[in-house]
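Chemist: If you scroll down you'll find the structure; I have some questions about it.
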Amino acid sequence: VRRSAIAILLLAALGGAALFSTRALWAADTDFAIHFEGSVLPLKSKSVNRVIYLPLVEIAQHLSQPYTDDFRLETFTIGAQNARLVTTRNSALISVNGQVVLLQNPVRRDDSQWFVPVDFLSQGMSRITGIEFRYRAGASRVFAGNVSPTELSLSAQAVSGATRLTLRAGSPVQVEIQRDATQRTVILLRGRPIDPLRERLDYKDRLVESVAFDDSDGIPKVLVATTPEAKEVRITAGDESRVYFVDFTREVAATEAAPPPPPPDIGAGAGAGARRIRLAVIDAGHGGDDAGVSDSGTLEKEWTLAVARKLRSALQNRLGATVLLTRDADEALTSEARAGLANRNQADLFISLHAGYSANENDAVSSIYVIQDGFGSALNPDVEPRDRLFLPWYLAHRNSRPHSEQLATLLQDQMGKSLPEWKFAIRTGPIAVLASTMMPAIAIEFGNLNNPANAQSLTDEAFQTQLAAAIAAAAERFAMEQGTIR
Ligand SMILES: [Zn+2]
């Protein structure tokens, strides 16, 4: 008790030294929410010089904390004897259980209302309540305690006669669409708290005016303002409810076949031709129980991982790209999991690595695989031509196929230059790992492990590094030339 009393005096004394202007301009109220387990506390935040402030009394009340507002001393005290937090008007210093903590910004009292900066929650409240508060700078929400939100990214692109909004969540979410008469579409995201990577999309076209995330009333949703030209909204789910395509179309019922849309434009906003490879996913084929092909002591699953690691370095160095491996250990993965990693991370490029094996040990042909044209049509004969905009998950790769072919051609050419003694053929096939990828994707099968000469080269570290460098060079050419297709 005595220590707190001293702290109050200290704060009162330091209050003068740490005084900030009280004449700062308050910005208008903005919706803000603190997400607790089982409850959401909606607040009206204010901002001063771009610093977000939250009303203190509501927070103390929601957490059932006793408080004393001493108007004369200009202090606000929260908690009881063993867990006491004292704040002083216009001071960034607060006392937490007798210890002085410096906030990044001063606590304010506007008229008779107390406002605290967001770091007051983690620096002050968490120490007296034991609740952890997590905040992403610039966001208008805080997650508290055991609440584990799922990340959400949004992107939009114009396709022929339509605008496609793509929602990608880190874990499955349920989506419901509500449309009102005022050219506004509300996409409700149900099931769990959402942590959007961006509050709004910087996007506008003939059909879509604005796209913004909102959860100020506790219910996460994406608000899309459309123009009168947008007549219909359709939604398609994928990746086990982690990806949703929301398509705004001009006509209610198109009688003509809509041309297939271009590949998802991950670099929305980048100028044509300027698209870079920001993130690449390398798939080391096989793994775990599935060893792939093998000969003379070399297992395909080990070989693919070794080359994948070298290719990772090559792409990082050459393109400055972020590179993810579908596996960085000896583990079994489904094709869906491999493609899913690339899709969830919005990869710009997917390369699956394999080593070959042939009945004829003299064979020495390597292959670059692109998904076969029309893959999946046989699985779902009900897909009407006019529904081609709305693709089921297993057809996701269709849109990227032209770019995959371009990538394969460039790689073949580059291999001819870098490794003239090796022959690469471009083939198509129903390659499962490629079918669900939503970006340019190829599988490469190198040589034949049962060809002694091939095996000797393939297992040579220097050769592996050379291979990786050649693929990275092809990827760079692809990044530069890609804008020419469309
Ligand atoms: Zn293989």
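The values are calculated or read from the model by the stated rules, or taken from the named source; none is laboratory data. Worth saying up front: this structure is predicted, and the values here are computed from it rather than measured. Note that we place each Cβ from the backbone using ideal geometry, even for glycine, and neighbour counts take in every protein chain shown.
Chemist: Looking only at residues that are in contact (Cβ under 8 Å) with a residue 60 or more places away in the chain and over 15 Å from Ala60 (Cβ atoms) in the range 122-141, which one is surrounded by the fewest Cβ atoms within 10 Å (Cβ to Cβ)? If you could, list the steps in order and put the result at the bottom.
Modeler: Here is the first cut: in the range 122-141, the ones in contact (Cβ under 8 Å) with a residue 60 or more places away in the chain are 125, 128-129, 131, 133, 138-141.
Subsequent filtering for residues that are over 15 Å from Ala60 (Cβ atoms) retains 138-141.
Working: Gly138: 9, Ala139: 19, Ser140: 20, Arg141: 26.
Step by step, filter the range 122-141, then rank; the result is Gly138.
Chemist: State the number of residues belonging to the range 57-72 that are of a type in the set (A, V, I, L, M, F, W, C), part of a loop (DSSP other than H, G, I, E, B) and surrounded by fewer than 17 Cβ atoms within 10 Å (Cβ to Cβ).
Modeler: Looking only at that region, the number is 1.
Chemist: Further, regarding this structure: Give the residue, chosen from Leu54, Leu85, Leu41, that is in a strand (DSSP E or B), closer than 19 Å to Asp119 by Cβ and modelled with pLDDT of 95 or more.
Modeler: Leu54
Chemist: Within the range 434-465, which residues are in contact with a helix residue (DSSP H, G or I) (Cβ under 7 Å, 6 or more places away or on another chain) and outside any loop (DSSP other than H, G, I, E, B)?
Modeler: Passing the criteria: Leu434, Ala435, Ala441, Ile442, Ala443, Phe446, Ser457, Leu458, Phe463, Gln464, Thr465.
Chemist: Determine which member of the set Arg179, Arg164, Arg168 is part of a strand (DSSP E or B), touching a Pro at 6+ places or on another chain (Cβ under 7 Å) and over 27 Å from Pro117 (Cβ atoms).
Modeler: Arg164
Chemist: Only residues that are part of a strand (DSSP E or B), farther than 20 Å from Ala339 by Cα and of a type in the set (Gly, Ala, Ser): list them for the range 401-433, please.
Modeler: Ala425
Chemist: Quick test for you: out of Asp111, Asp119, Asp205, pick the one residue that is in contact (Cβ under 8 Å) with a residue 40 or more places away in the chain and either of a type in the set (Asp, Glu) or at positive phi (or both).
Modeler: Within the list Asp111, Asp119, Asp205, the selection yields Asp205.
Chemist: Report the residue count in the range 159-186 for those that are touching a strand residue (DSSP E or B) at 6+ places or on another chain (Cβ under 6 Å), surrounded by fewer than 18 Cβ atoms within 10 Å (Cβ to Cβ) and of a type in the set (Val, Ile, Thr).
Modeler: Matching residues across the range 159-186 total 2.
Chemist: Considering every residue within the range 343-350, establish whether at least one is crowded, with 23+ Cβ neighbours inside 10 Å, away from the ligand (no atom under 16 Å from the Cβ) and outside any loop (DSSP other than H, G, I, E, B). Quick ask: steps written out before the conclusion?
Modeler: Looking only at the range 343-350, we keep the residues that are crowded, with 23+ Cβ neighbours inside 10 Å, and these are 343, 347-350.
Next cut, away from the ligand (no atom under 16 Å from the Cβ) only: 343, 347-349.
Still in the running and outside any loop (DSSP other than H, G, I, E, B): 343, 349.
Within the range 343-350, one or more residues are crowded, with 23+ Cβ neighbours inside 10 Å, away from the ligand (no atom under 16 Å from the Cβ) and outside any loop (DSSP other than H, G, I, E, B).
Chemist: Evaluate the following for Ile431: is it at pLDDT below 85 and either within 21 Å of Ala308 (Cα to Cα) or surrounded by 21 or more Cβ atoms within 10 Å (Cβ to Cβ) (or both)?
Modeler: The answer is yes for Ile431.
Chemist: Could you run through the range 208-227 and say how many residues are outside any loop (DSSP other than H, G, I, E, B), without any contact (Cβ under 8 Å) to a residue 40 or more places away in the chain and farther than 22 Å from Ala158 by Cβ? Steps first, please.
Modeler: To start, the set of residues in the range 208-227 that are outside any loop (DSSP other than H, G, I, E, B) comprises 208-214, 221-226.
Subset that is without any contact (Cβ under 8 Å) to a residue 40 or more places away in the chain: 209-210, 212, 221, 223.
This time we only want the ones that are farther than 22 Å from Ala158 by Cβ, so: 221.
The qualifying residues number 1.
Chemist: Applying the selection to the range 356-372, what residues are within 16 Å of the ligand (Cβ to nearest atom), in a loop (DSSP other than H, G, I, E, B) and either closer than 18 Å to Gly416 by Cβ or in contact (Cβ under 8 Å) with a residue 12 or more places away in the chain (or both)?
Modeler: Selection gives Gly356, Tyr357, Ser358, Asp363.
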